[in-house]
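Read through the structure below, which is laid out as structure tokens, and then see the notes.
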Amino acid sequence: METKIEIQKSNVIAAYRAGNEDVKNMLANLFPDLNFKENVMDRIKTWEDVCDELDISTGWEDNLKQYIQDVFHFNEGEMKCAIAHMKILAIAKALNEGWELTKDAEEREEGYGIYWIKRDGVRGDVDFQAGSNCVPGYVYADDVFGGSSWSVVPRLSFRTQELAEYAVLQFPDIWREYYNNYEQNK
């Protein structure tokens, strides 16, 4: 009797990226159907692609909504924000292909976070800046009374600035649900 081993595609790709030539050859032989050379931004274009990449099963959102409603009694806007946050974490995980911000990476100022996103009036246009100087990340807002800042969870850091920008531009509706839900609270 053979034992079946399950492994996430993103973990295999991360091992490939981190491995030497022997490891890369071994993984290419073990997983001939995976295109290790394909750019992650070519593979992940939709939320469904994120789910496929991370093996996220259908129905998770309904289950989470029910749990959040039963435990936290969130209103509709808060519920959308909580779901959007889970999706953003998954998008970051999928696009990073196994890369995670570590203390060493933070000290070397590796990784990029989204640290400025604004909504332009009613149109909902998204503008942002991404940079390594924000890792583990921060948002800074000036107003007439002074300034304020707050930390961004390091899990929302991206391996490259290009991935950080892509995450916002490719999934603007999810980011809008996360940051702009206050308008939809009921």
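Here are the numbers:
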read-out	value
GluC sites (Glu not before Pro) restricted to DSSP loop in the stretch 5-39 with at most 16 other C-beta within 10 Å	GLU6, GLU38
Cβ-derived FRET efficiency at R0 45 Å, PHE72 paired with LYS24, nearest 0.05	0.50
Positive minus negative residues near TRP99 (Lys, Arg vs Asp, Glu; Cβ under 10 Å)	0
In the stretch 1-84, the trypsin sites (Lys or Arg not before Pro) that fall in loop regions by DSSP, at most 10 other Cβ within 10 Å	LYS4, LYS37
Solvent exposure ordering (accessible area, 1.4 Å, most first) of MET1, MET41, MET26	MET1, MET26, MET41
Values of log10 I(q)/I(0), in the order q = 0.28, 0.30 Å⁻¹, for the stretch 55-97 under a Debye, Cα-only, solvent-free model	-0.99, -1.06
Heavy atoms of THR46 accessible to a 1.4 Å probe, total area in Å² rounded to 10	50 Å²
Estimated distance in nm for a label pair at LYS45 and GLU100, the labels positioned 7 Å out from Cα along Cα-to-Cβ	3.1 nm
Exceeding the 21 Å Cα-Cα cut-off - candidates LYS9/LYS45; LYS45/LYS87; LYS4/LYS93; LYS9/LYS87	LYS4/LYS93
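The values are calculated or read from the model by the stated rules, or taken from the named source; none is laboratory data. Small disclaimer: the values here were computed from a predicted structure and weren't measured. Don't worry about glycine lacking a Cβ; one is built from the backbone with ideal geometry, like all the others, and counts go over all protein chains shown. Side chains are part of the model used for accessible areas, which takes the heavy atoms of the whole protein and leaves out ligands, DNA and RNA. Shrake-Rupley method; radii C 1.70, N 1.55, O 1.52, S 1.80 Å.
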